[in-house]
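Asks: I'd like to ask some things about the structure below.
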Amino acid sequence: MNLTHDYLRERPRRNRISRGTRALIEETQVRVDKLIEPLFLLDGQNRSEEISSMPGIFRMSEDKTLAHVEASLKFGIQSFILFPAVEDSLKDSTGSYSWAKNNFYLRIIRSLKKNFPEAVLISDVALDPYSSDGHDGIVKDGIILNDETLDVLAKMSLAQAEAGIDILGPSDMMDGRVAYLRNALDQQNFTHVGIMAYTAKYASAFYGPFRDALHSAPKFGDKQTYQMNPANAREALREARLDSEEGADYLMVKPALAYLDIIHRIKAASDLPVVCYNVSGEYAMIKVTGEKGYLDPVRARDEMLLAFFRAGADAVITYFAHEFAKANA
Ligand code: PBG
């Protein structure tokens, strides 16, 4: 073996030679204040139920949520996205509980805002947690209606804005949501309330555990007439253009792990911040294989979070937020 210096003038290994040089060349970091923690909310008091398909994640009542958020804030998390787990008896075809005065979701938003005014609170604006059909829109004769659903979404949004939400998260992946809600907010002087658009939300098997968590699986059919085909990337750019023209403050890609190319492409195509949603199935995959001893779940978690930022995400919604923040506090 006689490698000439000419042949190996470049030796990338020189930069990996020690912990110190590896740190010098490290390109990406995971910052705790760039993680958004999802919370599943329950009505009542002193309730905390572990979600069987998402080990370590709980549905919590107001008191438990407040204590949990206090701990998360101590670990450096600043942002939360809130999902209601609604009793089946309160669900109907128009999702009317979503803007009802005594709605526990709105009550918990108020209480979080009062106790932790600095925390960034992001909502879910969609019919599925409240719908007896388990779809994100109003259903008529088996068709999921686009425009007819807007009125309920606006009512829900204004009720959330009134309760103190900082950013709305319209998650139904239908057309014209951002413009309609921006308009509704502005007319009521909620110009400070932001909109995080679910820009490229794919019809994905990776939502399975979440639908268990909220008992929100569709009662018939699937979501392919509104959520995107996993085969498409250019269509995501079209959605990004529209959300941006409609006044979105953030563009989101969901799921995240199988869609790193979409994160990268939207980041390149737009000047808006890009968020990705590391969804329930992606969380469960690592938790369950970790529990079985098939891989190291902590290293797999950290590698996965890193990949989202490397791909170009400005922020990441992840069920790992709390444990990652705790481990790195
Ligand atoms: C629907 C909604 C879904 C998720 C968040 N909002 C699932 C769906 O489209 O059925 C999934 C989140 C996750 O899997 O973690 N409004």
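Asks: Determine which single condition Phe220 fails, assuming it passes every other condition in (1) buried (at least 16 other Cβ atoms within 10 Å of the Cβ); (2) within 23 Å of Ser53 (Cα to Cα).
Replies: Answer for Phe220: the failing condition is (1).
Asks: For Ile108, are the conditions met, namely being of a type in the set (Val, Ile, Thr), more than 13 Å from the ligand (Cβ to nearest atom) and modelled with pLDDT of 95 or more? Reasoning before the result, please.
Replies: Details: of a type in the set (Val, Ile, Thr): yes; more than 13 Å from the ligand (Cβ to nearest atom): yes; modelled with pLDDT of 95 or more: yes.
Answer is yes for this residue.
Asks: Right, another one. Just name the residue that is modelled with the lowest pLDDT out of those in the range 112-134 that are buried (at least 17 other Cβ atoms within 10 Å of the Cβ) and among the polar types (S, T, N, Q).
Replies: Filtering the range 112-134 for residues that are buried (at least 17 other Cβ atoms within 10 Å of the Cβ) and among the polar types (S, T, N, Q), the one modelled with the lowest pLDDT comes out as Ser131.
Asks: Within the range 284-302, identify whether any single residue is surrounded by 16 or more Cβ atoms within 10 Å (Cβ to Cβ), among the polar types (S, T, N, Q) and either without any contact (Cβ under 8 Å) to a residue 24 or more places away in the chain or touching a strand residue (DSSP E or B) at 6+ places or on another chain (Cβ under 8 Å) (or both), and answer yes or no. Please lay out each step first, then the result.
Replies: Going residue by residue through the range 284-302, those that are surrounded by 16 or more Cβ atoms within 10 Å (Cβ to Cβ) are 284-287, 290, 297, 300-302.
Subset that is among the polar types (S, T, N, Q): none.
Scanning the range 284-302 turns up no residue that is surrounded by 16 or more Cβ atoms within 10 Å (Cβ to Cβ), among the polar types (S, T, N, Q) and either without any contact (Cβ under 8 Å) to a residue 24 or more places away in the chain or touching a strand residue (DSSP E or B) at 6+ places or on another chain (Cβ under 8 Å) (or both).
Asks: Just to be sure I understand, how many residues within the range 1-50 are acidic (Asp, Glu) and more than 26 Å from Ile77 (Cα to Cα)?
Replies: Taking the range 1-50 first, the residues acidic (Asp, Glu) are 6, 10, 26-27, 33, 37, 43, 49-50.
Restricting the remaining residues to those that are more than 26 Å from Ile77 (Cα to Cα) gives 6, 10.
Within the range 1-50, residues that are acidic (Asp, Glu) and more than 26 Å from Ile77 (Cα to Cα) number 2.
Asks: Moving on. Looking at the range 188-227, which of the residues that are of a type in the set (A, V, I, L, M, F, W, C) and over 16 Å from the mean Cα position of the chain (by Cα) is farthest from the ligand (Cβ to nearest atom)?
Replies: Kept after step one, since they are of a type in the set (A, V, I, L, M, F, W, C), are these residues of the range 188-227: 190, 193, 195-197, 200, 203, 205-206, 210, 213-214, 217, 220.
Applying the additional criterion that residues be over 16 Å from the mean Cα position of the chain (by Cα) yields 190, 193, 217, 220.
On the way: Phe190: 21, Val193: 19, Ala217: 7, Phe220: 14 Å.
The qualifying residue farthest from the ligand (Cβ to nearest atom) is Phe190.
Results for (1) away from the ligand (no atom under 16 Å from the Cβ); (2) on the phi > 0 side of the Ramachandran plot; (3) in contact (Cβ under 8 Å) with a residue 60 or more places away in the chain; (4) assigned to a loop (DSSP other than H, G, I, E, B), shown as yes or no for each residue.
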| site | (1), (2), (3), (4) |
| --- | --- |
| Ala23 | yes, no, no, no |
| Gln45 | yes, no, no, yes |
| Met54 | no, no, yes, yes |
| Thr65 | yes, no, no, no |
| Ala71 | yes, no, yes, no |
| Phe83 | no, no, yes, no |
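Asks: Also, I was wondering about something else. Just for the range 255-307: of the residues that are closer than 27 Å to Glu245 by Cβ and aromatic (Phe, Trp, Tyr), which one is nearest to the ligand (Cβ to nearest atom)?
Replies: Ranking the qualifying residues of the range 255-307, first place goes to Tyr277.
The values are calculated or read from the model by the stated rules, or taken from the named source; none is laboratory data. Treat the numbers as computed from the prediction; the structure is a model and nothing was measured. Backbone-built Cβ (ideal geometry, glycine too); neighbour counts: all protein chains shown.
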